Structures are given as structure tokens and as C-alpha cells.
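Q: Let me begin by handing over the structure; questions about it come next.
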Amino acid sequence: MTDIRRTLLWVVFTMSLVLLWDGWNRHTGQPTLFGSPGRSAPPAGAAPAGTAATPAAGVPQPASVPAPTAGGTAPAATATPTAATGTASAANEQVVVSTDVVKATFDSVGGTLVRLELLGYRDPLDAQRNVVLFDRSAKRLYLAQTGLITGQAGVQLPNHLTAMTAAPGERTLAAGANSLSLRFESQAVEGRRLVKTYTFERGKYTIGVKHEFINQGSAAVQPQLYLQLARDAAPPEGESSFYFTFTGPAIYTDASKFVKIDFKDIAKGSASHDKSANDGWVAMVQHYFASAWLTPGAGAREFRTAKVPGNVGGSALEHYTVAMVMPLGEVAAGASKSHEATLFVGPQEEHKLAELAPGLELVKDYGWLTVLSKPLFWLLGQLHAVLGNWGWAIVALVVLLKIGFYWLNASAYRSMAKMKAVAPRVTELRERYKDKPQQMQQEMMRIYREEKVNPLGGCLPILVQMPFFIALYWVLLSSVEMRNAPWIGWIKDLSAMDPWYILPILMTASSLFQVWLNPTPPDPVQAKMMWMMPLIFGFMFFFFPAGLVLYWLTNNILSIAQQWWINRQLGVNH
């Protein structure tokens with residue numbers, strides 16, 4: 001039994017070291033040990049990433065989605081922008097639209113959304129600045145691009161590299177108004193034009209995007225609309241390497257559900273995801289925030305990922321794209337065809353995301369314990385509605401969990417107390433029979449039977465509870481509601497590290513006190529390891545958000561109180 005306990009402790013200790021090493025690799029830019037939990041290899045017969053798979057019956061083979069040039073700007077034939085700094089020449093107009101929740105900047109080249117500020121969220125590195133999600137600068141590339149392609153040889157169509165003109169109109173959502181629209185119209189390409197209309201609504205992070213294709217050419221064409229997100233691979237600025245959160249593209253279909261795609265897999269050509277479906281959406285995911293292209297109803301579409309090298313036409317960063325391509329059907333000469341989509345760019349507010357599209361709430365990454373994390377987040381939200389403070393809601397949730405597991409914990413602590421009571425006898429016995437291991441084991445089992453002690457009684461109840469506390473860990477780590485949410489005094493943001501390290505120090509001290517309350521293992525190596533583990537975990541928690549440390553500290557304090565009470569009831573000396 002002692003060997004089993006020792007093995008469990010070594011497993012925990014080893015995993016702690018592995019996580020620390022992986023965190024350090026992330027921090028220093030080295031390859032990490034863990035990839036995304038999506039499929040690791042493409043299905044047999046799948047097309048390479050960034051290329052089209054064999055289309056469904058009746059769907060023409062499309063051309064490749066045009067690769068962006070410097071920062072998403074157009075080639076010299078249509079406009080002459082400067083390098084990827086966001087600075088425009090006369091032919092490269094920047095149009096800024098402001099609502100009550102976002103400030104969006106569009107480039108007239110392609111009518112591309114090149115910058116978006118979230119007015120209700122502050123930058124973690126500078127509280128005076130807003131969070132910038134989309135951006136086109138020397139250090140960041142994150143854009144929403146759309147355009148038309150076709151598989152017809154020799155036919156050119158307007159795309160996100162085509163110069164466009166913004167129609168005059170209001171650029172700021174007026175008081176009392178509920179919506180605001182911005183219209184771009186492309187130059188004619190062989191007599192064919194594309195009109196994009198972006199519609200913003202008050203209080204919403206969704207943008208309605210209507211594409212209207214007008215065929216004034218001499219022949220019918222079969223256009224395909226692509227909705228694309230382009231992003232560099234760098235994690236969000238200020239993101240801790242110890243959070244282990246996912247940054248990258250994601251694709252959802254009803255068949256395969258939510259699939260995260262690692263940038264490294266795209267680069268190697270081994271990205272595994274559905275290549276075509278009659279439903280679904282594409283997204284770019286990062287800690288707390290996401291962007292996604294959504295389309296209403298069912299309809300044939302293809303999904304593509306690609307790596308775009310740096311210095312394409314200028315000083316653009318190396319980046320990656322995820323695109324959804326949809327056929328619009330044949331459009332005769334003199335006819336037109338329109339398509340409406342939705343672009344979401346904003347915080348991962350779970351309940352609001354679930355209302356926008358099937359599975360969109362999955363961009364909020366709970367890891368492997370979603371089945372437990374979802375109800376825990378719901379309960380946390382109910383407690384916040386009553387208490388009005390996320391910090392106290394965390395405390396209350398841990399209290400409820402401890403109440404729910406009270407009898408299980410009591411059984412574990414009684415077993416630990418009994419183990420502590422017989423520890424001197426076991427130590428004496430190990431000394432007496434140190435050269436007779438078989439007899440020593442028999443005598444130890446006799447003592448356990450006489451004292452009605454189960455050596456595993458203190459481990460198993462704790463192992464049963466671990467999934468719940470790990471699930472709560474992911475709830476607190478992934479919930480954007482914790483951003484800029486204060487608790488008390490010096491804790492002004494539960495999503496940021498404790499600025500004075502008070503909570504991590506208290507958490508480490510409480511963990512060491514728990515070790516002192518527990519029975520001392522007879523094995524000296526095991527005993528030393530028991531004292532090392534709180535220090536290792538304590539070091540990790542110095543880099544964790546205050547909300548996570550608060551949850552663990554509260555759990556430790558309640559555990560100490562219950563264990564101390566049971567020890568006192570059983571008359572175990574400390």
C-alpha cells in the first residue's frame with residue numbers, strides 16, 4: 001500500500017516538473033511538449049493544408065484564395081500603400097467606424113477590416129489602452145478578408161486585393177441610433193464589381209457583412225465567395241507562458257464538431273480538419289477573445305488553411321489563414337447575386353456565443369473537462385448574480401464544493417489522522433525489520449488491521465475530487481468575465497497576477513501547513529518530496545491569475561479547517 005501511495009506522489013511530482021518545463025519552453029519560444037487536442041494526422045486522401053480537396057458533386061473546382069501582400073494591401077496595379085504599418089497613401093484610404101463597443105478601421109484596398117478595438121476591455125500591459133484584436137502593424141497581423149474567386153480559366157474577379165471606394169455616410173453610431181452601415185464598392189474587374197456592406201449594431205460584437213456580386217461582363221460566371229481570417233502565430237501580447245491556453249485557427253462542422261488547428265501543423269502541411277461540408281464556420285481563437293465567420297443556414301462550403309510567408313510584397317509578417325469558401329452559383333451577364341454573413345469579433349461570453357451559431361461557445365476552451373466545466377461556470381454565474389463580485393463568487397463556489405464533498409473529505413482526513421497516530425509504531429517497525437522486508441510488510445498490515453486504518457483512504461477521496469477542481473481551474477482561466485474584475489483591496493483584476501504576490505505566498509504557506517498536518521511518510525525520500533511539492537506548485541502560482549490563486553487558497557483554508565477539526569476529534573497530536 002505504501003508503494004502505491006509513493007507511486008501516486010511521484011506521478012504528481014513528475015507531472016509538475018513536466019508542466020514547468022513546458023511552460024519554460026513556451027516562455028523562451030522553444031517547441032512545446034503538447035499540441036492542440038485536435039486530430040493529429042489528416043484523414044486518408046485529404047488534400048494538403050491550404051489547397052482545395054476534391055469538391056462535392058456539382059461544386060466547381062475553385063482557384064486558390066489570393067494570398068495577402070504586405071499587410072493585406074493590394075498590388076501596385078491597384079494601389080500603392082506603404083509597408084505594413086497601417087499608413088495609407090492617397091489611393092489607400094483608411095475608414096474608421098465607432099460604436100458603443102468597438103472602434104473598427106477598414107482599408108479601402110479590398111474593404112478589409114485591419115484593426116478593431118474593444119472599447120469595454122483594457123490592455124493587460126497598459127490600462128489606459130483598449131484591447132486591440134484585429135491589427136496591422138510592424139509587430140502584429142490579424143485581419144478579416146473577403147473576396148471572390150472562380151475555377152473558370154482566364155476569369156478574374158474582385159478580391160481582397162482589389163481597390164474599393166467607401167460610400168459617404170455616418171462613421172459614428174449616433175445617440176439613439178441602433179445600427180450603422182459602411183458600404184464599399186470595388187473597381188470593375190472585366191466589368192464585374194463587388195459591393196461589401198458592413199452593418200454594426202449597438203451593444204453587439206457581431207458585424208453583418210453583405211456581399212453583392214454584379215456581373216456587367218459579357219459572359220456568365222460561377223463565382224465563389226471566400227471569408228478568411230489571417231493572423232500571425234505570436235500569442236497575445238502580455239500572455240503568460242504558464243496559462244497553457246490555445247492560440248490559432250478552429251473549424252466547426254456538424255460532422256467533426258470543434259477542431260483546433262495548430263499553427264505548426266499548418267506549416268508542416270499536416271493540418272487535419274474537414275475539407276468540405278454543408279454547414280460550419282471558421283474562427284481564430286486566443287485567450288479570452290475570438291473572431292469567427294458565420295453564415296446562416298446550410299449550404300456547400302470548403303474549409304482551407306494555409307501558411308503565408310513573410311516579406312510578400314513588402315515587410316508583412318509570416319502568418320496563417322483559415323478560410324471558408326462557398327459557391328454562389330452561376331451569375332448570368334447583366335445579373336447579380338448577394339450573400340449575407342456575420343463576422344463576430346469580441347470576448348468569449350459563453351451564453352452569447354451559443355446564441356450566434358451551433359458550437360460557437362466551444363471557442364472558450366475548457367480543455368478535456370468541458371462536461372464538468374460548463375455546469376461549474378453556470379453555478380459561478382448564479383453566485384455572481386447574487387453577490388455582485390466575481391472574487392466572492394469564487395470563494396462561495398469553493399465553499400459549495402467543499403460542502404458537497406464534505407463526507408468524502410472527512411473520510412480522507414480521518415484516514416490521514418489515523419495514519420499519523422500509528423506513524424511512530426510504523427517507523428519503529430521499519431527500523432526493526434529493515435533487513436526483512438516481507439516480515440515488515442506483514443507486521444505493518446497487522447497494525448493497519450488492528451487500528452482499522454486504510455493506507456489508501458486518504459488518497460482515493462482526493463483523487464475523486466481532482467477532476468472537479470481541475471475543471472474549475474479551466475473555468476477561471478478561460479472566463480473573460482474575470483478580466484478587470486476586482487475583488488478586494490489590492491486585487492484590481494482577477495485575470496492578472498497578484499501585484500504584491502500576497503495570495504501566492506499565503507497559498508504556498510497553507511500548502512506547507514497541510515503537509516505538516518498530514519502523517520509523515522516513513523520513507524525519508526518520500527517525506528522530503530512531500531515538502532518540496534508545495535514549493536514547486538507555489539512557484540507556478542506566482543505566475544497565475546489572482547482568481548486562480550484565490551480559488552486554491554480558499555480550498556486550502558477550508559481543507560485545513562476540516563482536517564484540524566477531525567484530528568482534534570480523534571485526539572491526534574500535532
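Q: Measure off 7 Å from each Cα along the Cα-to-Cβ vector at W516 and V96, then give the distance between these two points in nanometres to one decimal.
A: So the label points at W516 and V96 sit 5.8 nm apart.
Q: How large is the accessible surface of K352 in square angstrom, using a 1.4 angstrom probe and rounding to the nearest 10?
A: The accessible area comes out at roughly 120 Å².
Q: Would you work out what percent of the accessible area of the range 292-365, with all protein chains in place, is carbon or sulfur (probe 1.4 Å)?
A: So the carbon and sulfur contribution to the accessible surface is 51 percent.
Q: Just the number, please: Stokes-Einstein D of the range 260-302 in µm²/s, Kirkwood Rh from C-alpha pairs, 25 °C, 0.890 mPa s.
A: D, rounded to a whole number, is 204 µm²/s.
Q: Just to confirm, what accessible area per residue do you get for the range 154-243 at 1.4 Å probe, in whole Å²?
A: 40
Q: Sequence neighbours fewer than 8 away in the same chain don't count; with that in mind, list the lysines whose C-alpha is under 29 Å from K492.
A: K103, K139, K204, K352, K364, K374, K402
Q: So, one more: For K268, give me every one of the lysines with a C-alpha distance below 22 angstrom, ignoring sequence neighbours fewer than eight places off in its own chain.
A: K260, K307
Q: Per residue, how much accessible area does the range 268-400 have with a 1.4 Å probe, in Å²?
A: Heavy-atom accessible area per residue stands at 39 Å².
Q: Using the Cβ atoms and a cut-off under 14 Å, what net charge is assigned to the surroundings of Y198, where Lys and Arg are +1 and Asp and Glu are -1?
A: The answer is +1.
Q: G310: net charge of surrounding residues, Cβ under 12 Å, Lys/Arg +1, Asp/Glu -1, itself excluded?
A: Result for the neighbourhood of G310: -1.
Q: Tell me, what is the 1.4 Å probe accessible area of T295, in Å² to the nearest 10?
A: Rounded to the nearest 10, the figure is 20 Å².
Q: Scan around A163 for amide H atoms under 5 Å from its own, H built in the peptide plane at 1.01 Å from N, and keep only partners 5 or more places away or cross-chain.
A: Answer set, sorted by chain and number: G110, Q187.
Q: Just the number, please: carbon plus sulfur as a percent of the accessible area of the range 98-200, 1.4 Å probe, no ligands or DNA/RNA counted.
A: 47
Q: For F303, F543, give me the order by solvent-accessible area with a 1.4 Å probe, most accessible first, ignoring ligands, DNA and RNA.
A: F543, F303
The values are calculated or read from the model by the stated rules, or taken from the named source; none is laboratory data. The shown structure was predicted, so the numbers you read here are calculated from the model rather than taken from an experiment. Every residue, glycine as well, gets a Cβ built from its backbone with ideal geometry; the counts of neighbours run over all protein chains shown. All accessible areas refer to the heavy atoms of the entire protein, side chains included, with ligands and DNA or RNA removed. Shrake-Rupley method; radii C 1.70, N 1.55, O 1.52, S 1.80 Å.
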